[in-house]
1. If you average the sequence gap of Cα pairs under 8 Å that are 6 or more apart and divide by the length of chain A, what percent do you get for the contact order?
2. Taking the full set of protein chains and a 1.4 angstrom probe, give the accessible area of A:Asp17 in square angstrom, rounded to the nearest 10.
3. Please calculate how many Å² of accessible area segment A:61-111 carries per residue, with a 1.4 Å probe and no DNA, RNA or ligand atoms counted.
4. When the solvent-accessible surface of protein heavy atoms is calculated with a 1.4 angstrom probe, in what order do B:Met45, B:Met33 fall, highest first?
5. Report, in whole Å, the centroid distance computed from the Cα atoms of segment A:3-22 and segment B:1-73.
6. Give me a single rounded figure for B:32-40: the average over its residues of other chain Cβ atoms within 10 Å of their Cβ.
7. Between chains A and B, what is the buried accessible area in Å², counting both sides, with a 1.4 Å probe and ligands, DNA and RNA left out, to the nearest 100?
8. Which of A:Lys22/A:Lys68; A:Lys37/B:Lys64; A:Lys37/B:Lys66 have a Cα-Cα distance over 21 Å?
Amino acid sequence: GENVEQHPSTLSVQEGDSAVIKCTYSDSASNYFPWYKQELGKRPQLIIDIRSNVGEKKDQRIAVTLNKTAKHFSLHITETQPEDSAVYFCAARKYGNQFYFGTGTSLTVIP
Amino acid sequence: GAVVSQHPSWVICKSGTSVKIECRSLDFQATTMFWYRQFPKQSLMLMATSNEGSKATYEQGVEKDKFLINHASLTLSTLTVTSAHPEDSSFYICSARVMTGSYEQYFGPGTRLTVT
């Protein structure tokens, strides 16, 4: 099966700085990579995703990059704000199959 | 669109009793629903995949006789925790996929189960 690793497990940044979270996956057949934001006691919310035919995708302050050769993808958050504080999960999936989640990154943005 | 609800949002039960959690897709038909379990400060662990009208597929290490899953319709899946024990206390989250092979998966709000 797929194995998704995520780093770092915790990340603290000053407000306005950038945050980068990295994930690696093992199955080269995986072709969909979403990122979720989860606040305490709430459901994961999809914040951005990327498919294997694209190398980079950006949505305002959030961007995701994918390196298929190296089998890793990263989440980039620029101009961080306190409300960005949450746990972020990456995931990988093959078409039609279930998601495999990373272990999560707890992001704290310090005002 | 693509709203998934769960009921109850939280439940406290005594050890040895059974608890049923419902997962509903409110505005779409879900051919497949997933059940996850999440312990504090940990990731989502897939417990089982349920397809409408067929038996659920359980992940390795998940007791199918303890966690009964029924996907009776295209909008409803239920998870019953039988003979609950304190170690079953967790956050249970369901998700639903719009159609077979679809990339997107929509999560329910989760159910906090506490077994005393």
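1. Values: 281 pairs, mean separation 41.1, N = 111.
Relative contact order here is 37 percent.
2. 80
3. On a per-residue basis, segment A:61-111 sits at 41 Å².
4. Ranking B:Met45, B:Met33 by accessible area, largest first, yields B:Met45, B:Met33.
5. 30
6. Average neighbour count from other chains, rounded to a whole number: 2.
7. 1700
8. Those over the limit are A:Lys37/B:Lys64; A:Lys37/B:Lys66.
The values are calculated or read from the model by the stated rules, or taken from the named source; none is laboratory data. As the structure is a prediction and not an experimental result, all values here were calculated from the model. Neighbour counts are summed over all protein chains in view; Cβ atoms, including those assigned to glycine, are modelled from backbone coordinates with ideal geometry. To get the accessible areas, we keep the full protein, side chains included, count just its heavy atoms, and leave off ligands, DNA and RNA. Shrake-Rupley method; radii C 1.70, N 1.55, O 1.52, S 1.80 Å.
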